[in-house]
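S.K.: Could you have a look at this structure, given as structure tokens, before my questions?
The values are calculated or read from the model by the stated rules, or taken from the named source; none is laboratory data. Just so it is clear, the structure is predicted and the values come from calculations on it, not from any experiment. Glycine gets a Cβ as well: all are built from the backbone with ideal geometry, and neighbour counts include every protein chain shown. These accessible areas exclude ligands, DNA and RNA; they are computed on the full protein's heavy atoms, side chains included. Shrake-Rupley method; radii C 1.70, N 1.55, O 1.52, S 1.80 Å.
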Amino acid sequence: MMNVMISVAALVAYVFFLVRFARQSIIWFRASRHAAAYPIFLTKVPASVYITTVLDILFFRRIFNTSKLLWTGSWVFHISFFFVTLRHTRYFFPSLPDCLILLQPVGLIAGYLLPLSLLYIIALRTVQKKDRYASSYNYVISGMLFFISTIGLTMRMFFRPDLLSVKQFALGIFGLSPQPLPDSMLFFLHIGLFLLLLPFLPPHIIAAPFVNLEANRRMEELRYVIHER
Amino acid sequence: MKDKKESFTRNLTPMQVMELDACTQCGECLQHCPVQEVTGRPSISTPEKIRVFREFIKATGGLKARFFNPKEIDKELLQDFTKAVFECTTCGACGQKCAVGINTQRLWPYLRKEMFDRGLVDYEILTNMPDAIKKSGNPYNFPVEERFKPWFPEQVKVAEKSEIAYYAGCSGVYGAKPMVRGDVLVLDAIGDPFTMLTEEEEVCCGFPLFISGQHDMLEDLTKRLVEAYKAKGTKVLVCSCPCCVNVMTRDWPAFYGKELPFKIRHMTQYVADALKQRKIMVKKELKERIIYHDPCYLSRGVGVIEEPREVLRAIPGIELLEFDRHGSESRCCGAGGAVRKVFNENAIAIGRLAIDEAVAKKADKLILSCPACYGKVNEAMQDHDRKIPIVDIMELFAQHVERVET
């Protein structure tokens, strides 16, 4: 019975996530037609703006310019989260594509870095708390991710669940045929916490890249607002 | 007042809604906020305002609100938010340093508009503004007949019609007379005939209405001014007030409904061009260390950063110093946001930060180029233990410039 409940919860959380993504996509689509609340002075966006944005997204340039301390934790966290997510795709493909097989060792290293980076960010926030803005939402999300990743790492290092049954369970969720839950309390906690987190993932993971692109376009445009081309 | 249950996104562009979602709540922007610097209250900070506004959006336009009845928002929360969004100087420094690049200088006026539309704003200095403009043409309700007379240099001739026009602006003519006087003297020295509207015709540019979220009169004001300059045959409209220049460049085309029939130029751009074309020369030396303060709506707003420096460097003997935060990253003088009189304590404290830094850098003069900055920083120096002469850029330049006779 528990396996059916977890499978249904996983689907509900996933649908919730997709709905939020769809809502963001609609906003983005409308935004692309009406980019700013004032006349656009730069109608043709040069390629350099797109290149800068890609670099911004990959290397978090704007955070780097603002705070090197935060950048260190933030960049390591996001990049390791990305590779850990990629590593987890192995549970959702009956046979894994070659490119994802190649990335598995990177995902493993990222798995070690992920909780460390979160610990660093939480510690940094706590130390800097005086006269600073502390977002309780960010603390909760970071804390949950820390526990999820630490449990994942504990399973990898000390209490390995039966990976075959994990894969069968994961495939069963999207195949709409619930499979028995792997016999591991840690796995139950790991997936349970993740399902709680999924609908509440911060919206900036979708919105920030587009806002970043708009910010770079605006900075480029600033040269032409009142100056002759 | 519009329906209280209407969505809080109605005044925002989709990109602005996305900007609200893009805030990572990292809080790094607080280090660059002048209001935070003097109040130390994160509860009125950018990420907190964005978080609260997101809650408002969710309550009235979220999925739950769409399927069930929208939630009534706590009145106290709405009032606290309104105060926070008006306590901001709208300088935009938080957006400039934002980890994702949110355009806060542009966002705050629209959040203020939402609060205005919901009848939550009761600052008399703002609510009286539309009537004051209707009555006297300026937001301060000063007499129309005193707009030009007290400061306009008698020897300067204004053409009836000309391709060059000068807009003095309300804050300058009533609150920073040496600045507008300097503008006119420099324009005269350049030698190209220039025209001006009459005291009755030169009404508010609309900036204080725009920034405070009262947009109803903007189209009318814009059309009146644009048509009046068009009738004068204007091809270039020169103005030295950063706020006026900002609204003219960014918003007038939208309120006018099409491209403006003339170009907008900031006074320092016009002077820098005149220097390049050798229409004027600076002969008188000034052996002083001066420090220039970039107005937020000029530097971050429209990107005029180099020209004021070119103008100042044209004066022989000057050593030009820079604030730690300058150019597009400059720190507000405290006067921004249109409610400096309500949050006067903040404004004075922020103004003193500029004075203190200028004194610490051993500058002989603090050079400003904004009438709001001019008024507030001068006020901040009263009863302050540190003193420095405060001079407007054109006030200074007018004392050193000479016309090149052709």
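S.K.: Are any residues in segment B:193-217 open to solvent by 30 Å² or more (accessible area, probe 1.4 Å), within 16 Å of B:Y229 (Cβ to Cβ) and touching a residue at least 12 places away in the same chain (Cβ under 8 Å), and if so, which ones?
M.R.: Within segment B:193-217, B:P193, B:E199, B:E200, B:E201 meet the criteria.
S.K.: Restricting attention to helices (runs of 4 or more DSSP H) lying wholly within segment B:53-112, give those where 3 or more residues are within 14 Å of another protein chain (Cβ to nearest Cβ).
M.R.: B:63-67, B:93-96
S.K.: Also: Is there any pair with a first residue in segment B:292-309 that is more than 9 Å from chain A (Cβ to nearest Cβ) and closer than 15 Å to A:R218 by Cα and a second that is surrounded by fewer than 24 Cβ atoms within 10 Å (Cβ to Cβ) and small (G, A, S) whose Cβ atoms are under 9 Å apart and which are 6 or more apart or on different chains, and what are they?
M.R.: From segment B:292-309, the pairs are B:S299/B:G327; B:S299/B:S328.
S.K.: Test B:R181 against the stated conditions and say whether it is within 23 Å of the chain's Cα centre (by Cα) and more than 21 Å from B:K232 (Cβ to Cβ).
M.R.: yes
S.K.: Here's another thing I want to ask about it. For segment A:158-172: of the residues being farther than 14 Å from A:H190 by Cβ and among the hydrophobic types (A, V, I, L, M, F, W, C), which is surrounded by the fewest Cβ atoms within 10 Å (Cβ to Cβ)?
M.R.: A:L164
S.K.: Spot the failing condition for B:M281; the list is (1) open to solvent by less than 40 Å² (accessible area, probe 1.4 Å); (2) in a strand (DSSP E or B); (3) more than 14 Å from chain A (Cβ to nearest Cβ), and only one is missed.
M.R.: Going through (1) open to solvent by less than 40 Å² (accessible area, probe 1.4 Å); (2) in a strand (DSSP E or B); (3) more than 14 Å from chain A (Cβ to nearest Cβ) one by one, B:M281 breaks only (1).
S.K.: Could you say whether any residue in segment A:85-104 is of a type in the set (A, V, I, L, M), open to solvent by 80 Å² or more (accessible area, probe 1.4 Å), more than 24 Å from B:V100 (Cα to Cα) and away from chain B (no Cβ under 14 Å)?
M.R.: Looking through segment A:85-104, at least one residue is of a type in the set (A, V, I, L, M), open to solvent by 80 Å² or more (accessible area, probe 1.4 Å), more than 24 Å from B:V100 (Cα to Cα) and away from chain B (no Cβ under 14 Å).
S.K.: Here are some residues: B:A132, B:A165, B:A93. Which one is more than 17 Å from the chain's Cα centre (by Cα), farther than 26 Å from B:R10 by Cβ and surrounded by 21 or more Cβ atoms within 10 Å (Cβ to Cβ)?
M.R.: Answer to the selection: B:A165.
S.K.: Let me confirm something: among B:A274, B:A335, which residue is open to solvent by less than 20 Å² (accessible area, probe 1.4 Å), among the aliphatic types (A, V, I, L, M), part of a loop (DSSP other than H, G, I, E, B) and out of contact with any Phe, Trp or Tyr (no Cβ under 8 Å at 6 or more places or on another chain)?
M.R.: One residue alone meets the criteria, B:A335.
Residues checked against (1) of a type in the set (D, E); (2) buried (at least 21 other Cβ atoms within 10 Å of the Cβ):
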residue	(1), (2)
B:L321	no, no
B:G327	no, no
B:E345	yes, no
B:D356	yes, no
B:L366	no, yes
B:G375	no, yes
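S.K.: Same structure again: Could you check segment B:287-311 and list, in sequence order, the residues that are assigned to a helix (DSSP H, G or I), surrounded by 22 or more Cβ atoms within 10 Å (Cβ to Cβ) and not β-branched (V, I, T)?
M.R.: Those that are assigned to a helix (DSSP H, G or I), surrounded by 22 or more Cβ atoms within 10 Å (Cβ to Cβ) and not β-branched (V, I, T): B:C296, B:Y297, B:L298, B:S299, B:R300, B:G301, B:E307, B:P308.
S.K.: Looking at B:R10, B:R51, B:R41, which is the one that is surrounded by fewer than 19 Cβ atoms within 10 Å (Cβ to Cβ) and closer than 23 Å to A:S74 by Cα?
M.R.: Unique residue meeting the criteria: B:R51.
S.K.: Do you know which residues across segment B:125-171 are assigned to a helix (DSSP H, G or I), out of contact with any Pro (no Cβ under 6 Å at 6 or more places or on another chain), closer than 16 Å to B:G206 by Cβ and of a type in the set (S, T, Y)?
M.R.: B:S136, the sole residue that qualifies.
S.K.: Pick out the one residue from A:S80, A:S48, A:S32 that is open to solvent by 30 Å² or more (accessible area, probe 1.4 Å), more than 11 Å from every other protein chain (Cβ to nearest Cβ) and either part of a helix (DSSP H, G or I) or at pLDDT below 90 (or both). Step through it out loud before you land on a result.
M.R.: Details: A:S80 fails: open to solvent by 30 Å² or more (accessible area, probe 1.4 Å); A:S32 fails: more than 11 Å from every other protein chain (Cβ to nearest Cβ).
Answer to the check: A:S48.
S.K.: Among what's in segment A:59-74 and is within 19 Å of A:L213 (Cβ to Cβ) and open to solvent by 60 Å² or more (accessible area, probe 1.4 Å), pick the residue that is nearest to the other protein chains (Cβ to nearest Cβ).
M.R.: A:N65
S.K.: What are the residues in segment B:13-52 that are more than 8 Å from every other protein chain (Cβ to nearest Cβ) and more than 28 Å from B:G351 (Cα to Cα), if any?
M.R.: B:L20, B:V52
S.K.: With the requirement that a residue be out of contact with any Gly (no Cβ under 9 Å at 6 or more places or on another chain) and assigned to a helix (DSSP H, G or I), what does segment B:182-214 give you?
M.R.: Answer for segment B:182-214, where residues must be out of contact with any Gly (no Cβ under 9 Å at 6 or more places or on another chain) and assigned to a helix (DSSP H, G or I): B:G182, B:V184, B:L185, B:V186, B:L187, B:D188, B:A189, B:I190, B:P208, B:L209, B:F210.
S.K.: Looking at (1) assigned to a loop (DSSP other than H, G, I, E, B); (2) open to solvent by 30 Å² or more (accessible area, probe 1.4 Å); (3) hydrophobic (A, V, I, L, M, F, W, C), can you tell me which one B:A254 breaks?
M.R.: (1)
S.K.: Taking segment B:116-127, which residues are open to solvent by less than 10 Å² (accessible area, probe 1.4 Å) and either modelled with pLDDT of 95 or more or among the acidic types (D, E) (or both)?
M.R.: Scanning segment B:116-127 gives no hits.
S.K.: Among the residues of segment B:331-343, is any over 26 Å from B:Q96 (Cα atoms) and in contact with a Pro (Cβ under 9 Å, 6 or more places away or on another chain)?
M.R.: no
S.K.: Every residue in segment B:381-397 that is over 18 Å from B:K361 (Cα atoms), of a type outside the set (F, W, Y) and touching a helix residue (DSSP H, G or I) at 6+ places or on another chain (Cβ under 7 Å), please.
M.R.: B:D392, B:I393, B:M394, B:E395
S.K.: Let me ask something else about it. Would you mind telling me which numbered condition in (1) more than 19 Å from B:P371 (Cβ to Cβ); (2) touching a residue at least 12 places away in the same chain (Cβ under 8 Å) B:D220 fails?
M.R.: All conditions are met except number (2).
S.K.: Something else: Only residues that are within 15 Å of B:T268 (Cα to Cα) and hydrophobic (A, V, I, L, M, F, W, C): list them for segment B:162-194, please.
M.R.: Listed by number, the residues that qualify are B:I164, B:A165, B:A168, B:M179, B:V180, B:V184, B:L185, B:V186, B:L187, B:A189, B:I190.
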